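Data block below; observations after.
The values are calculated or read from the model by the stated rules, or taken from the named source; none is laboratory data. Owing to the predicted nature of the structure, the values given are computational and were not obtained by experimental measurement. Every residue, glycine among them, receives a Cβ derived from its backbone with ideal geometry; neighbour counts consider all protein chains shown.
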């Protein structure tokens with residue numbers, strides 16, 4: 001996997017829009033910032049990140065969008081998603097309509113039980129975090145590894161470095177393993 005933008009992604013333009021969605025407390029905003037940094041700094045693309053979450057903060061719906069282009073980004077908001085990560089059923093129900101017809105849907109099948117299409121990548125991010133890493137809070141980092149594997153929008157090395165640069169001191173090993181678990185599990189789905 002080269003990690004070059006659009007190598008593995010079919011797109012009609014140079015603009016690629018991603019939405020990471022779930023509930024407050026799942027780290028979607030953190031994940032989008034890390035993803036944006038990895039793509040922008042390491043891969044040299046233009047990136048804009050925006051976020052939205054309910055006033056409940058923890059437990060309420062949250063989303064974070066990342067818009068990527070090799071050219072200047074004139075409109076910073078996502079209009080029609082090329083990729084949607086849904087970490088909860090509420091996120092799936094709320095944001096699925098924003099996904100392009102040929103967009104990439106990635107679902108946490110630990111928490112999403114009803115998917116309106118059979119064209120999606122399903123991984124048990126929450127279960128993997130609990131059983132493989134021993135900490136549920138890294139489900140978002142596992143999802144970042146999966147996004148890297150499934151899209152090629154960022155290399156494994158770049159996303160790992162970006163995660164480690166923001167990981168709290170003492171959690172580096174768990175976060176590095178989380179990226180690798182997500183990447184490896186997603187690569188199994190591609191085969």
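With respect to the conditions (1) modelled with pLDDT of 95 or more; (2) more than 24 Å from residue 17 (Cα to Cα), residue 185 lacks only one, and its number is (2).
Residue 30 fulfils the conditions (1) buried (at least 21 other Cβ atoms within 10 Å of the Cβ); (2) in contact with a strand residue (DSSP E or B) (Cβ under 9 Å, 6 or more places away or on another chain); (3) under 21 Å from residue 163 (Cβ atoms) except for a single criterion, (1). Restricting 41, 18, 35 to residues that are in a strand (DSSP E or B) and touching a residue at least 12 places away in the same chain (Cβ under 8 Å) narrows the list to 18.
Yes or no: region 148-162 includes at least one residue that is within 24 Å of residue 60 (Cβ to Cβ) and either touching a residue at least 40 places away in the same chain (Cβ under 8 Å) or outside any helix (DSSP H, G or I) (or both). Steps first, answer last, please.
The initial filter retains those residues of region 148-162 that are within 24 Å of residue 60 (Cβ to Cβ), namely none.
No, because not a single residue in region 148-162 is within 24 Å of residue 60 (Cβ to Cβ) and either touching a residue at least 40 places away in the same chain (Cβ under 8 Å) or outside any helix (DSSP H, G or I) (or both).
Just checking, which of 146, 178 is surrounded by 24 or more Cβ atoms within 10 Å (Cβ to Cβ), in contact with a strand residue (DSSP E or B) (Cβ under 8 Å, 6 or more places away or on another chain), closer than 27 Å to residue 191 by Cβ and at pLDDT 95 or above?
Details: 178 fails: in contact with a strand residue (DSSP E or B) (Cβ under 8 Å, 6 or more places away or on another chain).
Selected residue: 146, the only one of 146, 178 that is surrounded by 24 or more Cβ atoms within 10 Å (Cβ to Cβ), in contact with a strand residue (DSSP E or B) (Cβ under 8 Å, 6 or more places away or on another chain), closer than 27 Å to residue 191 by Cβ and at pLDDT 95 or above.
Of all residues in region 74-99, those that are assigned to a loop (DSSP other than H, G, I, E, B) and either surrounded by 15 or more Cβ atoms within 10 Å (Cβ to Cβ) or at pLDDT 95 or above (or both) total 4.
Any residue at all in region 33-45 that is surrounded by fewer than 14 Cβ atoms within 10 Å (Cβ to Cβ) and either at pLDDT 95 or above or under 27 Å from residue 167 (Cβ atoms) (or both)?
Within region 33-45, one or more residues are surrounded by fewer than 14 Cβ atoms within 10 Å (Cβ to Cβ) and either at pLDDT 95 or above or under 27 Å from residue 167 (Cβ atoms) (or both).
Within region 100-121, the set of residues being free of Cβ contacts under 8 Å to residues at least 40 places away in the same chain, in a strand (DSSP E or B) and in contact with a strand residue (DSSP E or B) (Cβ under 9 Å, 6 or more places away or on another chain) comprises 100, 103, 105, 107.
In region 122-142, which residue that is out of contact with any helix residue (DSSP H, G or I) (no Cβ under 8 Å at 6 or more places or on another chain) and part of a helix (DSSP H, G or I) is surrounded by the fewest Cβ atoms within 10 Å (Cβ to Cβ)? The residue in question is 131.
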